[in-house]
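Here is the structure we will look at, set down as structure tokens.
Bear in mind these aren't lab numbers, they're just calculated from the coordinates by the rules spelled out. This is a predicted model, so every value here is computed, not measured. Positions of Cβ are generated from backbone atoms using ideal geometry, with glycine treated the same way; all protein chains shown enter the neighbour counts.
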Amino acid sequence: MQLGAFSLSLSVKDLSASREFYEKLGFSVFAGSLDQQYLIMKNASALIGLFQGMFEGNLITFNPGWNADASPLAAFDDVRDIQTTLQRQNIEIANPADTEGTGPASFLLTDPDGNVILIDQHVNRPTSAG
């Protein structure tokens, strides 16, 4: 199962202060804006999303259909197929994706220690099965 690009999504109190902190660690703004209340910070292949007021707690995030540069992949495992595979393994899904859809979709799951994982696909389902 290919989950796509990996990042940490951090819920932050002060987006500007968090940006300055991560810039000191060598990260630079890759996407988003202060006006949108989120920034995606990148350092080589490491990605950290900074989100102010969008969700509580921190998330482990995977983006099917994207590489680490947020460039679309020609072939990938669709979010709905990943969800079905996990459900067949008796993993509980929160906010499930519509399995009939073909566009962007997402779902959540929680690991045994309470860490929330977001599977968040921003591209359409691949047009042909690989």
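Couple of notes before you dig in:
- Approximate spin-label separation S28-N95, in nm, with each point projected 7 Å along Cα-to-Cβ: 3.1
- Across all C-alpha atoms in the chain, the radius of gyration and Dmax reach 15.3, 44 Å.
- Tensor-based shape of region 1-57 (alpha-carbon gyration tensor, a/c under 1.5 rounded, otherwise prolate or oblate): oblate
- Axis of helix 15-24 versus longest Cα principal axis of the chain: the two differ by about 80°, to the nearest ten degrees.
- Burial ranking of peptide ranges 69-77, 43-51, 85-93 (average Cβ count within 10 Å, highest at the top): 43-51, 69-77, 85-93
- Protection proxy ranking of 34-40, 61-67 - average other beta-carbon atoms within 10 Å, highest first: 61-67, 34-40
- Between 0 and 90 degrees, the angle of helix 79-88 with respect to the longest Cα principal axis of the chain falls at about 60 degrees.
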